[in-house]
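Written below as structure tokens is the structure these notes are about.
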């Protein structure tokens, strides 16, 4: 005997006798995405504060400082879109949305790697916050790939 229920989009979902459902979205991925949404804003505010500190106290050329701030703004835009696409893709079980979010995640990884390795000055606070951001991205990419595989089944 199978039970019928409806999800948020009004689609019919069949639940079997054993209690397993047809839902393929990942709760763990969704949890990491929600946590990363808040961490992204914390990272951005902290990094802007660090750039202000660097601009005042260190010998930092204005061209380099401006290019780093512009890269940070680009990173914020990519992170926001990546998070939105991954959240919506996970909830709608859309392979395409999650795949695009994976490609944006790789671009975000490269931007974080720049901030970690190739900046003129990297302070210890940046090492900590960038390491946490890299951990979030790596875990989300791993769970996104697993979720995409589940969507194909």
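Six or more apart or on different chains, Cβ atoms under 6 Å: show the pairs whose first residue is in the range 37-59 and without any contact (Cβ under 8 Å) to a residue 40 or more places away in the chain and at negative phi and whose second is surrounded by 12 or more Cβ atoms within 10 Å (Cβ to Cβ) and part of a helix (DSSP H, G or I).
From the range 37-59, the pairs are 44/76; 51/69; 55/65.
Being surrounded by fewer than 19 Cβ atoms within 10 Å (Cβ to Cβ) and touching a helix residue (DSSP H, G or I) at 6+ places or on another chain (Cβ under 7 Å) is the filter; apply it to the range 52-69 and report the residue that is nearest to residue 144 (Cα to Cα). Explain how you work it out, then say what you get.
Residues of the range 52-69 surrounded by fewer than 19 Cβ atoms within 10 Å (Cβ to Cβ): 52-53, 55-67, 69.
Retained after the next criterion (residues that are touching a helix residue (DSSP H, G or I) at 6+ places or on another chain (Cβ under 7 Å)): 55, 60, 65, 69.
On the way: 55: 38, 60: 38, 65: 34, 69: 29 Å.
Taking the candidates together, the pick is 69.
Say whether the condition of being within 15 Å of the chain's Cα centre (by Cα) and without any contact (Cβ under 8 Å) to a residue 40 or more places away in the chain is met by at least one residue in the range 140-153.
Yes.
Report the residue count in the range 70-107 for those that are crowded, with 20+ Cβ neighbours inside 10 Å and under 17 Å from residue 48 (Cβ atoms).
Qualifying residue count, the range 70-107: 2.
Readers should treat all values here as calculations from the given coordinates under stated rules, not as data from a laboratory. Source: prediction; values computed, not measured. All Cβ positions, even for glycine, are placed from backbone atoms using ideal geometry, and neighbour counts span all protein chains on display.
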